[in-house]
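Okay, structure first, notes after.
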Amino acid sequence: MEFNELTCVRNEEYGHNQHVLSFKEPLSFEPGHYVTVFFEGMKPAPFSLASAPGKPVQLAVEIVGAVTTKLSEMKPGDKVKVKGPFGRFVLGNEEKSCFIAGGIGIAPFMSMLRASEHDMILLYSCKDQNQILWHDELDSMTDNISVNITLTRAKWNHITGRVSQETIKKYVPDYLDRVFYVCGPLTMINELFEMLAGLGVSKDNLKREVWYVQ
């Protein structure tokens, strides 16, 4: 597979360690796919595509290592090489789904939300309001999408605390009829899978994408 070169057109900072990078070039892919980013002298690293297929690429970055630091420093006009798309964490043909995102794990779900018209519920867990990516766009999603954001380390007039069985029962009342997609740190995914199994959700209706330090 050949490299694709992406040209940065915008770098938006959220909080103290998160960035949304927008590029000039589009890519063809399925919602949920990722690309592998290459910088000279660094280990290649995967990043989920947040843009809709065929639209200019967007990537979300949380600064945790060498590659994410390099990406966070990109300026308009800077270029980066990527390969892809890759991955199996793609939206199926089910009529109803629920997405659970932890922090930067919102990225693949933005692609799905932007590209699909079926019945979707999003549960998006962030530390505080400064780390809510694409907040304005999420607030203006269409009627087929229910967006529910919870903060774990700050108070506000909406949902607070980690996603729990009570959260699922309240905001996803038809959870037994939905396919769940979970993206975040491995510990979060394991806890949620155990919790969802405890609610009676079939393992066939559980899909995951692990967020790793890069």
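For the range 119-214, list the helices (runs of 4 or more DSSP H) that sit wholly inside it and hold at least 1 residues that are at pLDDT 95 or above and touching a helix residue (DSSP H, G or I) at 6+ places or on another chain (Cβ under 7 Å); which are they? Give the steps one after another, and end with the answer.
On the way: elements: 135-139, 165-171, 186-198.
Answer list for the range 119-214: 165-171, 186-198.
Taking every residue in the range 1-24 that is in the same structural domain as LYS70 (by TED's automatic domain parsing) and pairing it with any residue that is small (Gly, Ala, Ser) and at pLDDT below 95, at least 6 positions away or on another chain, the pairs with Cβ-Cβ distances below 9 Å are GLN18/GLY103. Condition first: acidic (Asp, Glu) and either touching an Asp or Glu at 6+ places or on another chain (Cβ under 9 Å) or surrounded by fewer than 21 Cβ atoms within 10 Å (Cβ to Cβ) (or both). Can you find one or more residues in the range 30-38 that meet it? Looking for residues that are acidic (Asp, Glu) and either touching an Asp or Glu at 6+ places or on another chain (Cβ under 9 Å) or surrounded by fewer than 21 Cβ atoms within 10 Å (Cβ to Cβ) (or both), one finds at least one in the range 30-38, hence yes.
Does GLU94 satisfy the criteria of being in contact (Cβ under 8 Å) with a residue 60 or more places away in the chain, outside any loop (DSSP other than H, G, I, E, B) and of a type in the set (D, E, K, R)? Show your work before the answer.
Values: in contact (Cβ under 8 Å) with a residue 60 or more places away in the chain: yes; outside any loop (DSSP other than H, G, I, E, B): no; of a type in the set (D, E, K, R): yes.
Considered against the rule, which asks whether it is in contact (Cβ under 8 Å) with a residue 60 or more places away in the chain, outside any loop (DSSP other than H, G, I, E, B) and of a type in the set (D, E, K, R), GLU94 comes out as no.
Among the residues here, VAL67 qualifies as under 20 Å from the mean Cα position of the chain (by Cα), in contact (Cβ under 8 Å) with a residue 12 or more places away in the chain and outside any loop (DSSP other than H, G, I, E, B).
Checked against (1) of a type in the set (A, V, I, L, M, F, W, C); (2) over 17 Å from HIS19 (Cα atoms); (3) in contact with a helix residue (DSSP H, G or I) (Cβ under 9 Å, 6 or more places away or on another chain); (4) crowded, with 20+ Cβ neighbours inside 10 Å, MET112 passes all but a single condition, namely (3). Of everything listed in (1) surrounded by 16 or more Cβ atoms within 10 Å (Cβ to Cβ); (2) in contact with a Cys (Cβ under 8 Å, 6 or more places away or on another chain); (3) outside any helix (DSSP H, G or I), the single unmet condition for SER51 is (2). Quick check, is GLY77 touching a Cys at 6+ places or on another chain (Cβ under 9 Å), assigned by TED's automatic domain parsing to the domain that holds LEU151 and in contact (Cβ under 8 Å) with a residue 24 or more places away in the chain? So GLY77 fails the test. Return a yes/no flag: does the range 94-102 have any residue that is touching a Pro at 6+ places or on another chain (Cβ under 8 Å) and at negative phi. Scanning the range 94-102, I find at least one residue that is touching a Pro at 6+ places or on another chain (Cβ under 8 Å) and at negative phi, so the answer is yes. Within the span defined as the range 98-113, one or more residues are free of Cβ contacts under 8 Å to residues at least 60 places away in the same chain and not basic (Lys, Arg). LYS81 falls short on exactly one of the conditions (1) touching a Phe, Trp or Tyr at 6+ places or on another chain (Cβ under 8 Å); (2) within 21 Å of ASN190 (Cα to Cα); (3) surrounded by fewer than 18 Cβ atoms within 10 Å (Cβ to Cβ); (4) not small (Gly, Ala, Ser), and that condition is (2).
The values are calculated or read from the model by the stated rules, or taken from the named source; none is laboratory data. Values in this document were obtained by computation on a predicted structure and should not be read as measured data. Don't worry about glycine lacking a Cβ; one is built from the backbone with ideal geometry, like all the others, and counts go over all protein chains shown.
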